[in-house]
1. What ranking do 218, 8, 190 get, fewest neighbouring Cβ atoms within 10 angstrom at the top?
2. May I ask you to sort 42, 127, 183 by Cβ crowding, counting other Cβ atoms within 10 Å and putting the fewest first?
3. Per DSSP H run of at least 4 residues, take -39500 (n - 2.57); add these up for the chain, divide by its residues and hand me the 222 nm value, nearest 500 deg cm²/dmol.
4. Using the count of nearby Cβ atoms within 10 Å as a rough guide to exposure, how do 37, 156 rank from fewest to most?
5. Taking only C-alpha pairs under 8 Å that are 6+ residues apart, what is the relative contact order of segment 110-184 in percent?
6. Which of the DSSP-defined H helices in the chain satisfy a minimum axial length of 18 Å, computed from C-alpha atoms, and a minimum mean Kyte-Doolittle hydropathy of -0.5?
7. Rounded if a/c is under 1.5, else prolate if a/b is larger than b/c, else oblate: which is segment 147-235, with a ≥ b ≥ c the root eigenvalues of its Cα gyration tensor?
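We did not get these values from a lab; they are worked out from the coordinates using the rules stated. Just so we're clear, the structure is a prediction, and the values are computed from it rather than from any experiment. Quick reminder, even Gly has a Cβ in these numbers, built from the backbone with ideal geometry, and neighbours come from all protein chains shown.
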Amino acid sequence: MKIIKFLTNAILYLLTSIGCRIEDDELKKVPPKGPLIAVANHINFLEVPINILRLAPRPITGFSKIENWDSRFYKFLFTLWDIIPITRGEVDREAFRRAEEALKQEKILAVAPEGTRSKDGRLQQGHPGVVILALRSGAPIIPMAAFGHENFSQNIRRLKRTDYKIRIGTPFRLIAGDQRLSHDVRQQMTDEIMYQIAALLPPAYRGIYADLSRATETYLEFEPGTVSSLKQALS
């Protein structure tokens, strides 16, 4: 299995490098060890192999809708990469258990709070599942953004390479204090996380989080001496 994984990863690394001009220097900002929740926007399928292969040797996992296991190709890849199947539209306790276990093993857990691909690159409303994971695990969160690859399908048909740009933001922790986790509070926490992602994106990609002046950081805690991605974007 190790040989199969090595060969598969090598082939996909080569293919993604041929099909895309990947600007990945900022991945050096990702902490080299310890549990970490990477929250990111989700444009298309490219983010999965590019993040997994270029964050290696750091172990990384994430969620994908359980329907993808109906495909032999996706089932092979996602099993190889220890991707966690999740049933959308309900509370999938087994998926959450596996995610918490991955964080205990000090893996990176990649989460796309939008829950589905945007395809056009514009941010959609975030869902609060990541809030529960972050609060229960206490793991730090790092915002990640990728853009420029929304036209990959058209480009590859024209044998044209696609620009794929990665931005990494300032890590933080989610804190609730004594606040009751009502629906509104969980959504505010989610939106605060989403604004940190939006701050890393060019304005045209920010979607419903376009107006950064509306963002709050009430439930976010940053390390002393660091400046949030939002404040950097607004400065």
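1. Ascending number of Cβ neighbours within 10 Å: 218, 8, 190.
2. 183, 127, 42
3. -10500 deg cm²/dmol
4. Going from sparsest to densest Cβ surroundings: 156, 37.
5. 29 percent
6. Long hydrophobic helices here: 2-19.
7. Prolate is the answer for segment 147-235, as a/c is 1.5 or above and a/b outweighs b/c.
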